[in-house]
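> Sharing a structure below in structure tokens format, with a few things to ask.
Every number here is computed from the coordinates shown, using simple stated rules; none is lab data. Keep in mind that this is a model prediction, so the values were computed, not measured. As a convention, Cβ positions derive from the backbone with ideal geometry for all residues, glycine included, and neighbour counts pool all protein chains shown.
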Amino acid sequence: MSSIRTPSGVVFRERLSPSLWALVSAALCGPMIALVFTPIDKTLALVLGAIVGVAVVVLLVAASPTVEVSDGWLRAGRARIELSFLGETQTFSGEDARNARGPGLHPRAWHLFRGGIDGVVVVAVKDPDDPVPFWALSTRTPDRLAAAIRRAEPTRSTPRR
């Protein structure tokens, strides 16, 4: 996570990696596999258990999406939108974040939520041709993400089509 401008133009970047409890839970797949293969061969059980435990954790971390504000774009996972199409940002945490992720979420909103990450940033989309009214994103630092989007506002230009 960083909110420092780098030479590549990155203003904010956060990997939405799984929480520690999720990684520990995933790592428990290894011992379960080892238990299954123990009656067949103890050495095979240990090797397979270790490989599966490490592989599941590595896959979870590698598949974690990133949220990034850079070079005039907001990127969230594979999706991206030009900053010039974005409007007001709102930050939520605690019970307000739970409401923003659940009952308060617009059915047409684009969202990227991850369990175990409490903060939520909601960014309005002001493009009249876009059916999505806003983006809702999980983040561990909602104030920093919202500030990065607002800071990038002066550099916004006319939207490209």
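> Return yes when GLY102 is surrounded by fewer than 18 Cβ atoms within 10 Å (Cβ to Cβ), in contact (Cβ under 8 Å) with a residue 40 or more places away in the chain and either under 21 Å from ALA22 (Cβ atoms) or touching a Ser or Thr at 6+ places or on another chain (Cβ under 9 Å) (or both) and no when it is not.
Judged against the criteria, GLY102 is not a match.
> Filter segment 55-95 for residues that are surrounded by fewer than 14 Cβ atoms within 10 Å (Cβ to Cβ) and free of Cβ contacts under 8 Å to residues at least 12 places away in the same chain; which is nearest to ASP127 (Cα to Cα)?
Step by step, filter segment 55-95, then rank; the result is ARG80.
> Is there any pair with a first residue in segment 26-50 that is among the polar types (S, T, N, Q) and a second that is surrounded by 12 or more Cβ atoms within 10 Å (Cβ to Cβ) and in a helix (DSSP H, G or I) whose Cβ atoms are under 7 Å apart and which are 6 or more apart or on different chains, and what are they?
If the second residue must be surrounded by 12 or more Cβ atoms within 10 Å (Cβ to Cβ) and in a helix (DSSP H, G or I), the pairs left are THR38/ALA45.
> So, in segment 19-41, of the ones that are part of a helix (DSSP H, G or I) and small (Gly, Ala, Ser), which residue ends up nearest to SER64 (Cα to Cα)?
Within segment 19-41, the first condition is being part of a helix (DSSP H, G or I), and the residues that meet it are 20-27, 29-37.
If we keep only those that are small (Gly, Ala, Ser) too, we end up with 22, 25-27, 30, 34.
Values: ALA22: 12, SER25: 16, ALA26: 14, ALA27: 16, GLY30: 20, ALA34: 26 Å.
Within segment 19-41, the match that is nearest to SER64 (Cα to Cα) is ALA22.
> Looking only at segment 60-87, count every residue that is under 15 Å from the mean Cα position of the chain (by Cα) and in a helix (DSSP H, G or I) and tell me the total.
3
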